[in-house]
Amino acid sequence: MDVKNTLSRRSFVGGVAAALGYLGLDPASSLARAQAGGGRASLDEYDALAKLANNENNWGPPQSVMDAMNGAWKYANRYGYPDGNIVQAIADHHGVSRDHILLGAGSGEILNVVGTTYLQGGKKVVGVEPSYGSVYSHASRLNAEAVLLPLDADFRQNIPRMIEATKRNYREVGFVYLCNPNNPTGLIVTKAEVDQLLDGIPEDIPVLIDEAYHHYVEDGRYAESIPHVKAGRKVIVARTFSKISALAAMRLGYAVAPPSMIEEMRTYSMGSINALVKWGGAAALRDTAAQTKVREMTRDLRTKYSRELEAYGYEVIPSQTNFFMVAIHRQIQPVIGEFRKHGVLVGRPFPPMLEHMRVSIGTPDEMERFMTAFKQVFPPRTTTVAQG
Ligand SMILES: Cc1ncc(COP(=O)(O)O)c(C=O)c1O
């Protein structure tokens, strides 16, 4: 028992240190100690930071979701318990049967499960760089190769190039990864382009479409990819409750895929979803008013601060998500530390876009603090920024 506790505490502290390093924080700082269970002042320090580094929803979960979660405490001591019918609720939401759904502890687990299922035996994943790198790091843990394609000059994903790379590696491709909208750029792949991709590659190659940020998209050329699952294509759509529903720390995501693929993947999933978040997730699906509010507040702040940055001379990639990238014309790594000194956490480096900074949309107060810090870290630029 003691050995187990020591080991698990060690790995917890290690995980926190790694996460803080990743946030641009010194793992030896009081904040790091606070995160590992230390003093109260340090927790206050954590609370005070403007957290614009991880594309979270800084407004927190809606009341309806918290009420549903609080109502589930009475099941905390159970193994078998009423679970809010979360799988059925998701299936109904998408108009598919339950056997199309696999729950994960966040969509991060789903991405890993897809990798473990389809990359074994020397298979490759095809995708762009930069994108949500966790897919590629999991591939490297499996000794699988990632065929990484550059973005176009306008930072969009190049679908013909993706088709070509997939066909060229055909027999070795385990799956194609399409993050839509893409993290870190915030740019969409249009419905026509998704169709083009699926029409252009052999039908037996699985395509993982990561729609973590789809709730934020307002561009009419975008479409969700669930219809491809319904049409029987080997498409896995990954979804999360971490973003629009603000449940990142509670860990709930899911895959929508043809039943035969769900069965293949289920072997590798942990199935460890807690009772509270199952009830919270079901409530979140029902509370569409809360989602609309978050989408609108996010869009308004994104527009406001993108315009301010551009007026200050810094180009912003026109995002459809709860984050944007700004061209900083300097290496990002030291800049992360400079913002940290102003109490603002900004996104990690996304090679090869090392002169861009990813900024998550926070509350109005956090965005104001970000803008103030930006003007202290960077001088105004006189270059004319192309509008559009
Ligand atoms: C594109 C994308 N996919 C998946 C995830 C994983 O999110 P979660 O595991 O919290 O569902 C993230 C998290 O930031 C993301 O940006």
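Derivation of every value follows stated rules applied to the coordinates shown; laboratory data play no part. Quick caveat, the model's predicted, so the values are computed rather than measured. In this analysis, Cβ positions are derived from the backbone assuming ideal geometry, glycine residues included, and neighbour counts consider all displayed protein chains.
Some values worked out for this structure:
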{"quantity": "Taking T190, T166, T382 and counting other C-beta atoms within 10 Å, the order from fewest to most", "calculated": "T382, T190, T166"}
{"quantity": "Anchor K167: aspartates and glutamates whose Cα lies under 18 Å away (excluding residues fewer than 8 positions away in-chain)", "calculated": "E145, E193, D195, D199, E203, D204"}
{"quantity": "Diffusion constant of the chain at 4 °C, which comes from Stokes-Einstein with the Kirkwood Cα-pair radius and 1.567 mPa s, µm²/s", "calculated": "59"}
{"quantity": "Sequence of H100, H94, H329 once ranked by neighbouring C-beta atoms within 10 Å, starting from the fewest", "calculated": "H329, H94, H100"}
{"quantity": "When each of K278/K341; K124/K304; K234/K304; K234/K278; K74/K243; K51/K123 is checked by Cα-Cα distance, pairs over 31 Å", "calculated": "K278/K341; K124/K304; K234/K304; K51/K123"}
{"quantity": "Ranked W279, W73, criterion: other C-beta atoms within 10 Å, fewest first", "calculated": "W73, W279"}
{"quantity": "Percentage relative contact order, the chain, counting C-alpha pairs under 8 Å, at least six apart", "calculated": "23"}
{"quantity": "Residues of type lysines that K230 reaches as a straight line, Cα spacing below 22 Å, ignoring anything fewer than 8 places off in the same chain", "calculated": "K191"}
{"quantity": "Cα-based equivalent ellipsoid of segment 63-286: semi-axis lengths in Å, sorted from largest, via gyration tensor", "calculated": "30, 19, 16"}
{"quantity": "Segment 99-194: relative contact order in percent, alpha carbon pairs under 8 Å with at least 6 residues between", "calculated": "31"}
{"quantity": "Packing-based order for 370-377, 109-116, using average beta carbon neighbours within 10 Å, highest first", "calculated": "109-116, 370-377"}
{"quantity": "Surface/4 of the Cα convex hull for segment 297-365, nm²", "calculated": "4.6"}
{"quantity": "Computed [θ] at 222 nm, deg cm²/dmol, the chain (DSSP H ≥ 4; -39,500 (n - 2.57); rounded to nearest 500)", "calculated": "-13000 deg cm²/dmol"}
{"quantity": "Inter-part distance where segment 175-238 and segment 267-330 are each reduced to a Cα centre, Å", "calculated": "18"}
